[in-house]
Amino acid sequence: MSALLEVEELQVSFGRTAAVRGASFRVAKGETHCLVGESGCGKSVSALAVMNLLARGGQRSAKRMSFAGTDLTSLSDREMARLRGNRMAMIFQEPMTSLNPAFTIGSQMAEVLTRHKGGSRAAALDRAAELMGRVGITAPGMRLGQFPHQLSGGLRQRVMIAMALMCDPELLIADEPTTALDVTVQAQILRLLASLKREFGLSILLITHDLGIVARVADHVSVMYAGEVVERAPTAELFRAPQHPYTRGLLSCVPVPGRVQRDKPLGSIPGIVPAIGAGFAGCAFRSRCAHANETCTRAIPRRPMGDAHDYLCRLEPGWAELQPA
Amino acid sequence: MLRLIARRLALGVLVALTVMTLAFLLTRLSGDLAVSIAGPQATQADVEIVRKAYGLDRPLYVQFFAWTGRAMVGDFGQSYFFKDSVANLIQKRLPVTLTLGLVGLSLALIVSLPLGILAALRENSWIDRGVTLFTMVGQAVPSFWLALILMIVLGLQLGILPISGTGTWQHFVMPGIVLAFTAIPALTRLTRSGMIEAMASDYIRTARAKGLSRARIIFKHALRNAAIPVVSIAAVQLGFMLGGSIVIETVFALHGVGYLGWESIAKNDFPVVQAVVLVLAVFYIGLTLLADILNALLDPRLRTG
C-alpha cells in the first residue's frame, strides 16, 4: 500500500526541551495507524506538528514530511490552512472545550465546507445534517441550532467527527478521541471510526495510550517513547512478538483475560518519561530498563525484523524468547 | 431571554428606589436647607417662612413620599435658584451629557479594542509592552490634569480647539478625549487578557484545525468570546464616565447634567441635586441592563439563566 502520510525524522522542540526527537512513521492509504505511548512521549505533539498546529514557541523540522505527495514542510501558512479541515482533519481529546461556546453547532460545521469548497450556507447545513445523521446523532435538524453547552461530551465528540468529515478528507488525525468519554461511549466512538474508515476510505492516525484500543482498531502501530518511535510493526505482529523492552513493559501493564493470573500483580514500568534536552545520546529508556548496560549510552541501531517491523534497541531480534517468562 | 430581561429590569427598579432614598437622605444631612435657601442675611423669621413655604417643616417621611410620588410622574419640583422646573433644566442639559458620553465611549472603544487585540496577538513583544505601559500611565493620570494639559497644548499653544463652553462640536473634542481616557486603560487590558485567553483555548485550536483564515479565527471565533467580559466592564466604566463627566464638564464649562449637578450642590439646590443623582443612577442601571442583554446575545450560556 502506498503511503498517504510519511514522516521522517520529525524534530519538535519547545525552547530547550526536545519534545520529539527524530520520530518516523507512515500512514498508508485506508489504514488506521496508532501512535501509542504514555503521557509526555510526544505523540500529540507529533500529530500537531504534522497539522502545523503547534502551540506558540514550538519549532518543528523534519527530513521529510509529505502528505499525498505534497511536501508539508515547504507549504506556507496559507497553503497549509487550505489543507487543514479540507484534506486532512483532526479531532481532539477534549470534546467539552473543543467547540466554540458562542456559536451554534450548525454554524461551526457549515463554515468548514463554505471555507474550503464554497457554496451556500444552506447547502453546507444540509451536508452537516447528513453527516450528523451518519455519525449517529439523532434529530440532526434540531442539533444544528443548538449550542455546544446543550450537548453531552459524547455528542460533542460526534459533532467534532462529523465536522472533520465535512470536506471528505483523506486523513483523519484523532488525538485520544475517547479518553475524556465514559467506557460505553468510548466503544461507540471507536466503532464509529472503524465504520467511517471503511465507508469513506479514510486513513486514520489515531493517538492513544490505551493498548486495548490499539488491539481493536489499528492496522499498524508505532510505539513512542521520549520523542522517538522505539518500535513499529503491524498490530498483530506487535502483540505477538514485541521486541523493545518498553513495548514489552507496556503490554505487561494490560490485563488480558485468560492470561492474567489471579493474585499476581500486573506489570508496571518504574519511573516516568525523562525530560530530554539537547545533546542527549543513547537510549532514552535505559534509566527504566531492566536490560540496560553501558552500551545503551551510545548510539542505538534500528533493528529490522521482517518487512514492516523494526525497533530501536541494542538487543538482537528474538532476544525475548531466550528470557525466562 | 425575556425572563432574564424581566428579572434584570425588576432589579434595576429596586436599585433606582434605593438611590432615590439615599439621594433624598444625603441632601437632608448636608445642613438646614431652610437656612441656606433663605441666605446669609435672613432673620430667624425669614427662615421660618421659607421652611413653611418649601414644606420643610413636615416630618421627613412625609417630605420623602411627597417627593417620590411626584418624581414618579416626572415632576421633580422647582429649582430654588434657576427659576425653572427641575425637569426642564435636566431636559435642556441632558443632550450635552449624552453627546459627551457617546463621544467618550466611542473614542474609548476605537482606541482600546484594536490596542488590546494587537497586544494580545503580539504577546510579550515590544508592542505588547508598549501597550501595557500606556495603560498604566493612562490609569495613573488624573482626568482634570489631562484636561488642563490638553487645554494648554491644543487650546492655548496650538489654538486649534476651544477650551471651554458648549457652542459647537469642537467643544466636545477635548472633553471627549479626556472622558475616553478614564475608560481606555481598563478596556484595553481587558480586551488584551480576554483575547490572550481565547487565542490559547481549545476551540481556537479547533478553528485552526478547520483551516479557517486567520482573520476569521481572530475576529469571529476569538473576539466574540473575548468581548463578553469587555461588555460587562464597559458598562461599569460608562458609569464611572458619567461620574467623571461631572469633573470634566466642570473643567471645560460644558453645560451638561454633570455641570448642573456641581452648580446645584454648591448652591444647596437640593431638588436639582436629587434629580441629577437619580438621572445618573437611571443611566447607570440602563447601561448595566443593556450590557446584560448584549452579553446574553454574545454568550448563549447566559440566555437560559
Query raised in the report: Is it true that some residue in segment A:182-203 is within 14 Å of chain B (Cβ to nearest Cβ) and at negative phi?
Result: no
Query raised in the report: Does B:I204 satisfy the criteria of being under 30 Å from A:D168 (Cβ atoms), touching a residue at least 12 places away in the same chain (Cβ under 8 Å), among the hydrophobic types (A, V, I, L, M, F, W, C) and assigned by TED's automatic domain parsing to the domain that holds B:A186?
Result: yes
Query raised in the report: List pairs: first in segment B:164-186 and under 12 Å from B:V141 (Cα atoms), second among the polar types (S, T, N, Q) and surrounded by fewer than 17 Cβ atoms within 10 Å (Cβ to Cβ), Cβ under 8 Å, 6+ apart or cross-chain?
Result: B:P185/B:Q139
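Mind checking which residues of segment A:4-20 are crowded, with 18+ Cβ neighbours inside 10 Å and either within 23 Å of A:A281 (Cα to Cα) or more than 16 Å from the chain's Cα centre (by Cα) (or both)?
Step one: of segment A:4-20, the residues crowded, with 18+ Cβ neighbours inside 10 Å are A:4-7, A:10, A:12-13, A:18-20.
A:V7, A:L10, A:V12, A:S13, A:A18, A:A19, A:V20, listed by residue number.
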Report task. Identify all residues within segment B:208-226 that are in contact with a Gly (Cβ under 9 Å, 6 or more places away or on another chain) and more than 7 Å from chain A (Cβ to nearest Cβ); write none if there are none. Result -> B:A222, B:L223, B:A226
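Listed here are the residues, each with its yes/no results for (1) over 21 Å from the mean Cα position of the chain (by Cα); (2) assigned by TED's automatic domain parsing to the domain that holds A:V36; (3) aromatic (F, W, Y).
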residue	(1), (2), (3)
A:M142	yes, no, no
A:F147	yes, no, yes
A:L151	yes, no, no
A:G154	no, no, no
A:R158	no, no, no
A:M163	no, no, no
A:I173	no, yes, no
A:E176	no, yes, no
A:T179	no, yes, no
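Quick grid of which residues meet (1) surrounded by fewer than 16 Cβ atoms within 10 Å (Cβ to Cβ); (2) β-branched (V, I, T):
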| site | (1), (2) |
| --- | --- |
| A:A275 | yes, no |
| A:G279 | yes, no |
| A:C289 | no, no |
| A:T295 | yes, yes |
| A:R302 | yes, no |
| A:R314 | no, no |
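Take residues that are among the acidic types (D, E) and touching a Cys at 6+ places or on another chain (Cβ under 9 Å) and tell me which of the strands (runs of 3 or more DSSP E) falling wholly in segment A:127-244 contain 1 or more.
Details: elements: A:171-175, A:203-208, A:220-225, A:228-234.
In segment A:127-244, A:228-234 are the strands (runs of 3 or more DSSP E) which contain 1 or more residues that are among the acidic types (D, E) and touching a Cys at 6+ places or on another chain (Cβ under 9 Å).
Residues checked against (1) of a type in the set (V, I, T); (2) assigned to a helix (DSSP H, G or I); (3) modelled with pLDDT under 80:
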| site | (1), (2), (3) |
| --- | --- |
| A:R262 | no, no, yes |
| A:I276 | yes, no, yes |
| A:G282 | no, no, no |
| A:Y311 | no, no, no |
| A:A325 | no, no, yes |
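The values are calculated or read from the model by the stated rules, or taken from the named source; none is laboratory data. Being a predicted model, the structure only gives us computed values, none of them experimental. Ideal geometry is used to build each Cβ from the backbone, glycine not excepted, and the neighbour counts take in all protein chains shown.
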